Amino acid sequence: MFLITGATGNVGGELVTQLVAAGHDVRAYVRDPDKARRRLPDAVELATGDLDDAAALRAAVDGVAAIFFMQAAPIPSQAQRVVDAAKAAGVNRIVVLSSIGTVLHPRPIIGAAIDERDDVLRDSGLAITYLRPNTLASNALWWKDGIASEGRVYDPTGPGLTGPIDAYDIARVAATVLTESGHEGHGYILNGPEALSAKAQVEILADVLGRQIECVSVTPEQFAEVSIQRGTPEPQARGLQDLQELFRAGRSGILTDDVQNLTGTAPRTFRQWAQQHRAEFD
C-alpha cells in the first residue's frame, strides 16, 4: 500500500492512476472525498484530512509501505507532521516532490523556501528520495486566458531556457522510485527532452492549436507590478519575479537523463503535452 498526498493534483492524480494500473494498492490522502472519488480510480482507498491534521495523518499512514509527499506550499510544520506520522507507524520511506530550485546557487526565493521544507525531511532520519522537476509543461495553462482574450502571451523570461516536463513523466518517475528499492537518499532532476524558451513554447502551442499567438516580451518587474495590481499578494509576486529573473538569465536550462535512466523511456516533448491538452485551450 502506498499513501499519496496531493492525489487530485496534476502529478498526484497521474501517479495514483499509474500505480493502480500497475496493480498496486493505493491510499489517497484528500481533503474532499467527493471530489477525489470523481477524479480517481474506483480501486483507490480514500483517507480524509489535511496536512495540518496530525491525527488524520497518523491514521492515513498506518499500514503503508511508503509515502509520496507533496504540498501546495512548502510549509515545514506540515512536513514535520508527515515525518512524525511516518515514524509512529514505522514507515521509513518518503518520496518528496521538491524542485530544481533547491539545488541552484544562489537559490531563488521559492527554491530556498522549498529547501527549508526539505531540511525537515533531511533531518528526519528517514529514507528520503527527492524529485526535483524543472518547469512543468502544464504551466502553459497560465497563458490560457490571455490567448483566449487577446491572442497574446506576456512573457518575462526572454531568451532563458527551461526543460518543461509533463506531469505524466514526473508520475512515472515517482511510481518507479516508490515501488523499487535503491533510491533512498538520492535526488533526481526531472525535465523534458529539450530546453525551450517561452517564445518557442508559444510557437509550438500556436502550431498545435492552429491559431496565431503573439509572444509579448516584458520584464519580470513589469510582470510583477501588473500581477500586484490584479490582486496577487506582493510577497508572492516578488517571489515569482525572482524566479523569472533566474529563468531569464538562463540558469534553469539544465537537461539530465534522469527520467529515461529511471524509467527506461524518454520523457514526452512539450509538443506532445500540447497535443494531449489542446482541448483545455478551447
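FYI, it's all coordinate maths here, none of it is from the lab. What you are looking at is a predicted structure, and each value in this text was computed from that prediction instead of being measured. Counting neighbours? That spans all protein chains shown, and the Cβs are built from the backbone with ideal geometry, glycine included.
Some values worked out for this structure:
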| read-out | value |
| --- | --- |
| Listed residue (59, 40, 151) projecting farthest to the positive dipole end of the chain, Cβ model | 40 |
| Folded to 0 to 90 degrees: helix 109-122 orientation relative to the chain principal axis, Cα | 10 |
| Proxy reagent accessibility, fewest Cβ within 10 Å first, across 199, 35 | 35, 199 |
| Angle in degrees between helix 234-248 and the longest Cα principal axis of the chain, rounded to the nearest 10 | 70 |
| Rg/Rg_ref, segment 3-74, where Rg_ref = 2.2 N^0.38 Å and atoms are Cα | 0.99 |
| Partner lysines for residue 35 [C-alpha distance under 25 Å; skip if fewer than 8 residues away on the same chain] | 144 |
| Length-normalised contact order of the chain in % [C-alpha pairs under 8 Å, at least 6 apart] | 18 |
| In Hz, Karplus ³J(HN,Hα) per residue of segment 2-17 (6.51, -1.76, 1.60; θ = phi - 60°; x = Gly, Pro) | 10, 9, 10, 8, x, 6, 9, x, 4, 6, x, x, 4, 5, 4, 4 |
| Dmax and Rg, reported as Rg then Dmax, of segment 173-282 (C-alpha, Å) | 17.6, 49 |
